[in-house]
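Comments concern the structure below.
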Amino acid sequence: MSCNENKIDMPRPVCLITNTEDGGLRICQEGIDVLDQITQPVVVVAVAGPYRTGKSYLMNRLAGKREGFALGSTIESKTKGIWMWCVPHPHIEDHTLVLLDTEGLGDVDK
């Protein structure tokens, strides 16, 4: 992760919240550590909806990348929990864009 002049520019997303085996949720320390380093204003974009409907693809596009959040080519969902990607905001100087990609609703494995 790059932190030049207080700008966070992560090379890839990290898990912010993961599912536990007993059906609960757990905060991932790596995600908290990234958030702790942000000193400039943030713009948060979160996406939620049915599984396999393009949420991760949309978030990759918002990050200006072709790859990042996991994409799948089958009916099986890829995103589990909540993943976060912090990048410099593309249009607002000195702001961080925090992208949150969520696990799809209605996953048959849940």
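Restricting to segment 6-35, name every residue that is over 14 Å from the mean Cα position of the chain (by Cα) and of a type in the set (Gly, Ala, Ser).
Gly23, Gly24
Counting only residues that are open to solvent by 40 Å² or more (accessible area, probe 1.4 Å) and either modelled with pLDDT under 85 or in contact with a His (Cβ under 8 Å, 6 or more places away or on another chain) (or both), how many does segment 55-73 have? Full working, then the answer.
Narrowing segment 55-73 to residues open to solvent by 40 Å² or more (accessible area, probe 1.4 Å): 57-58, 61-62, 64-67, 70-71, 73.
In the following step, the residues that additionally are either modelled with pLDDT under 85 or in contact with a His (Cβ under 8 Å, 6 or more places away or on another chain) (or both) were identified as 66-67, 70-71, 73.
Total satisfying the criteria: 5.
Inspect all residues belonging to segment 5-19 and state whether any of them is among the hydroxyl-bearing types (Ser, Thr, Tyr) and either touching an Asp or Glu at 6+ places or on another chain (Cβ under 8 Å) or over 19 Å from Pro90 (Cβ atoms) (or both). Give the derivation first.
Of segment 5-19, the ones among the hydroxyl-bearing types (Ser, Thr, Tyr) are 18.
Pick out the ones that are also either touching an Asp or Glu at 6+ places or on another chain (Cβ under 8 Å) or over 19 Å from Pro90 (Cβ atoms) (or both) and you get 18.
Yes - at least one qualifying residue is present in segment 5-19.
Counting only residues that are open to solvent by 40 Å² or more (accessible area, probe 1.4 Å) and at pLDDT 90 or above, which one in segment 74-88 is farthest from Lys7 (Cα to Cα)? Outline the logic, then answer.
From segment 74-88, those open to solvent by 40 Å² or more (accessible area, probe 1.4 Å) are 74-76, 78, 80, 82-83, 88; that's our starting set.
Next, from what is left, pick out any that are at pLDDT 90 or above: 82-83, 88.
Working: Ile82: 22, Trp83: 19, Pro88: 6 Å.
The extreme case among them is Ile82.
The values are calculated or read from the model by the stated rules, or taken from the named source; none is laboratory data. Model, not experiment: these values are computed from the prediction. Glycine also receives a Cβ, built like all others from the backbone with ideal geometry; neighbour counts cover every protein chain displayed. To get the accessible areas, we keep the full protein, side chains included, count just its heavy atoms, and leave off ligands, DNA and RNA. Shrake-Rupley method; radii C 1.70, N 1.55, O 1.52, S 1.80 Å.
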